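Reviewing the structure listed below.
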Amino acid sequence: MKLNRRRRFAALPVLATALALGLVQPAASQALPRDVDKQPTATGFGGAVASLDRYGANAGLEILRRGGNAVDAAVAAAATLGVTRPYDGSIGGGGFMVIYSADTGEVTTIDSREQAPASMQPDVFLENGQVIPFQERRVSGLSIGVPGTLRGWERALSEYGTMPMHRVLQPAITIAQRGFVVDEEYQRRTEDNLAVLRDFTSSSETFLIDGEAPQAGTIFRNRQLADTYKMIAKTGTSVFYEGEIAEAIADTVNDPPVVPDTDRNVRPGDMSVADLAGYEAIEREPTMINYRGFEVYGMGPPSSGGSTVGEALNILEGFDVGGVATEQALHLLIESSALAFADRNAYLGDSDFVDVPLTGLLSDGFADVRRELIGDLAGDKPFAPGDPWPFNGGSGALAGVAGGAADGSTTHLTVADRFGNVVSYTFTIEQIAGSGIAVPGYGFLLNNELTDFDTNPAHPANAPAGGKRPRSSMSPTIVLDANGQPFAAFGSPGGARIISTVLQIAVNMIDFGMTLPEAIAAPRISNLGGPTTGAELAFLATPDAAALEARGHQFSSLATIGNATGVAFLPDGRLQAVAEPERLGGGSAVVLRPAG
């Protein structure tokens, strides 16, 4: 598959890119970067970028302005978010990219999920027969997977981009060198992780100012990361996977740089340079289901996003969701999500290691069977997993009830270009700040993605193993209309609640007729298969919440669920970039040529 109008362009000077971004004033070198305005919705023509962060959105837009396509812009935006949102996603982690080609009308995906070192054993998270507490698993070398982000960028640019790596890294290099204006969300995320960051010499040196969080309104620079990006721009990704950065990553995993006086029990990992050198980003077939005339594309294993969203939608398709009272529709949404999560928890894992009955899980026949379990009242949860094997063209073991993964954090961005290509990209380092361990001298944090494995070494699908990729909930999604043209693309951070966020946005648009801005702004609920459904305060204040409680649903209050971004393709040819208007400080949406 080729993206439309594949072209190469000469590299631009760093300063020109910075001036176009509005990050550097055209004056002497001592000029400070200025703040960048943001808005949650932008409508127009020529290209669109929606991101959690205004610097990332504007970096992507600048690449579009310079003639790049959606893949080029997505990588530029992601690299910039590694500077300005380093606790959510960076080159120390991994992700999933879903790509629509206007040239072929096809959708493909790139899997750059983190991978366990070859030495990892199934009982890695047990000590003396007991599960190591989550925070101790997280802040350790044990949790750090081989980062895949850079290999993913490399593959995406090579196969579907129009610009070389050194060009798309320029906006991020400029921002890392010149600095950016810290916002309240950056300050809050740093303060929430102060105890961890202070316990590692590298993390404290990179992200703290005299041991404290940078304050909102001040300028923050990460010149170490700027130098790392320059090194990658000059020599390619080999320096990261085989050269000096690879050696530094392995050394950090195996001997974490703890401060001398810490009382934190930081367990070392066991990663080699060979683990990094052997990493590959994999192009995989997307998941796809038909829902009320729309084709919904998502990410397959090792992500559980595409299968779980798809199964829930298949179950819902048997109901007139848009024609019943809102509280009844939400009842059906909760029950469908709980059923899909029961199957997700039991069967989803790395399909290179385990037999995932993906065809069965996404079949209409299996949805018909699961739908029969939904009544007028809330069912007893967790539901038992179903048996997808008869719908999978064969037979397999029927799984028992299995647990799900803990929540983490990620970042999501969505891009469309003037050629009609679309990218929906979610990437992560797992928890906010990942493992909390920065690679000394290189300016980025390492992930804790291996905590996404089940701690049970006998788990049928998601037990740890050397070379295996842990199950993920990331759900980058692209929806095509009945004519095979882009309708919307979206995704979200939020750990396992990513799935319910994406599911609800799809239902809001397709069943409830909301615009994408309305679908993203609407109050959210989230059932992950358990007896309690998480709900935002704005939803708990509605009559629908009381009506659902009368049906037997139980709710727990959550401050926010998800932090979505997306692009909608309007009937008149306009693009509409959309980010959160309020959640977590709001996101940023930009278009190349604003309408009006």
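The values are calculated or read from the model by the stated rules, or taken from the named source; none is laboratory data. The structure displayed is predicted, hence computed values, not measured ones. Here the Cβ positions follow ideal geometry from the backbone for every residue, glycine too, while neighbour counts run over all protein chains shown. All accessible areas refer to the heavy atoms of the entire protein, side chains included, with ligands and DNA or RNA removed. Shrake-Rupley method; radii C 1.70, N 1.55, O 1.52, S 1.80 Å.
Straight distance only, please: which aspartates and glutamates reach the Cα of LYS234 with their own Cα at less than 18 Å, same-chain residues fewer than 8 apart left out?
ASP72, GLU154, GLU242, GLU244
Mind giving me the nanometre distance, one decimal, between the label points for THR560 and ALA277, set 7 Å out from Cα along Cα→Cβ?
Using points 7 Å along Cα→Cβ, the separation is 4.2 nm.
Report P(r) for segment 316-456: all Cα-Cα distances, bin width 10 Å, range 0 to the bin holding the largest distance, values in whole percent.
10, 27, 29, 25, 8, 1
Compute the distance in nm between two label points, each set 7 Å from the Cα along the Cα-to-Cβ direction, one at GLU205 and one at LEU377.
6.3
Just to be sure I understand the rule: take each whole DSSP H helix in the chain, project its Cα atoms onto its long axis, keep it if the span is 24 Å or more and its mean Kyte-Doolittle hydropathy is at least 0.0. Which ones pass?
Working: long enough: 326-347 (31 Å, 0.12).
Span-like helices, by this rule, are 326-347.
Starting from the eigenvalues of the Cα gyration tensor, five times each then square-rooted, give me the equivalent ellipsoid semi-axes of segment 63-150, largest first, whole Å.
Details: eigenvalues 250, 53, 16 Å².
Equivalent-ellipsoid dimensions as semi-axes: 35, 16, 9 Å.
Please report how far the C-alpha centroid of segment 201-225 lies from that of segment 303-335, rounded to the nearest whole angstrom.
44
Add -39500 (n - 2.57) for each DSSP H run of 4 or more in the chain, then divide by its residues: what number comes out at 222 nm, to the nearest 500 deg cm²/dmol?
Details: 22 runs with 197 residues, N = 596.
Calculated from helices alone, the mean residue ellipticity at 222 nm is -9500 deg cm²/dmol.
Let me know the shape class of segment 324-391, please: from the alpha-carbon gyration tensor, a ≥ b ≥ c as square roots of the eigenvalues, rounded when a/c is under 1.5, otherwise prolate if a/b is greater than b/c, or oblate.
prolate
Just for the Cα atoms in segment 507-564, what are the lengths along the principal axes, largest first, rounded to whole Å?
The principal-axis extents, from largest down, are 30, 22, 21 Å.
Binning every alpha carbon pair distance of segment 476-596 at 10 Å from zero, what are the percents per bin?
Histogram of Cα-Cα distances, whole percents per bin: 13, 42, 30, 13, 2.
What does the charge count near ASP350 come to, summing +1 for each Lys or Arg and -1 for each Asp or Glu among other residues with Cβ under 9 Å from its Cβ? Intermediate values should be presented prior to the final figure.
Working: positive: ARG113, LYS468, ARG469, ARG471; negative: ASP352.
Summing Lys and Arg as +1 and Asp and Glu as -1 gives +3.
Kindly state, to the nearest 0.05, the FRET efficiency for ALA384 paired with ARG267, given R0 = 22 Å and r defined as their beta-carbon distance.
On the way: r = 35 Å, r/R0 = 1.61.
E(calc), rounded to 0.05, equals 0.05.
Based on the alpha carbon coordinates of segment 249-326, what radius of gyration and maximum Cα-Cα distance (Dmax) apply, in Å?
According to the Cα coordinates of segment 249-326, Rg and Dmax are 22.5, 63 Å.
Can you pull the one-decimal nm distance between simple spin-label points at ASP123 and ASP251, each 7 Å off the Cα toward Cβ?
Between ASP123 and ASP251, the simple spin-label model gives 3.3 nm.
With the Cα gyration tensor of segment 421-469 giving a ≥ b ≥ c as the square roots of its eigenvalues, does the rule (a/c under 1.5 for rounded; else a/b larger than b/c for prolate; else oblate) give rounded, prolate or oblate?
In terms of gyration-tensor shape, oblate.
Hey, any idea what the orientation-averaged projected area of the convex hull of segment 194-308's Cα atoms comes to, in nm²? Write down the numbers at each step before the final one.
On the way: hull surface 48.3 nm².
Mean orientational projected area (segment 194-308, Cα hull): 12.1 nm².
Bin all alpha-carbon pair distances of segment 201-260 at 5 Å intervals from 0 and give each bin's fraction as a whole percent.
P(r) over segment 201-260, rounded to whole percents: 4, 15, 19, 20, 18, 14, 9, 1.
Per the Kirkwood formula on distinct C-alpha pairs, the Rh of the chain is how many angstrom? If you can, show how the numbers build up before the last one.
On the way: mean 1/r = 0.0421 Å⁻¹.
Value: 23.7 Å, from the Cα pair sum.
Across all directions of projection, what mean area in square nanometres is found for the Cα convex hull of segment 484-526? Walk me through the numbers on the way to the answer.
Working: hull surface 13.0 nm².
Taking the Cα atoms of segment 484-526, their convex hull projects to 3.2 nm² on average.
In nm, what is the difference between 0.36 nm times the number of residues separating ASP192 and SER238 and their Cα-Cα distance? All intermediate terms of the calculation are to be shown ahead of the outcome.
Details: separation 46, 0.36 × 46 = 16.56 nm, distance 3.42 nm.
Value of the extension gain: 13.1 nm.
Using the heavy atoms of the protein chains alone and a 1.4 angstrom probe, what is the accessible area of segment 53-157 per residue in square angstrom? Walk me through the numbers before you get to the answer.
Details: 2300 Å² over 105 residues.
I get 22 Å² per residue for this part.
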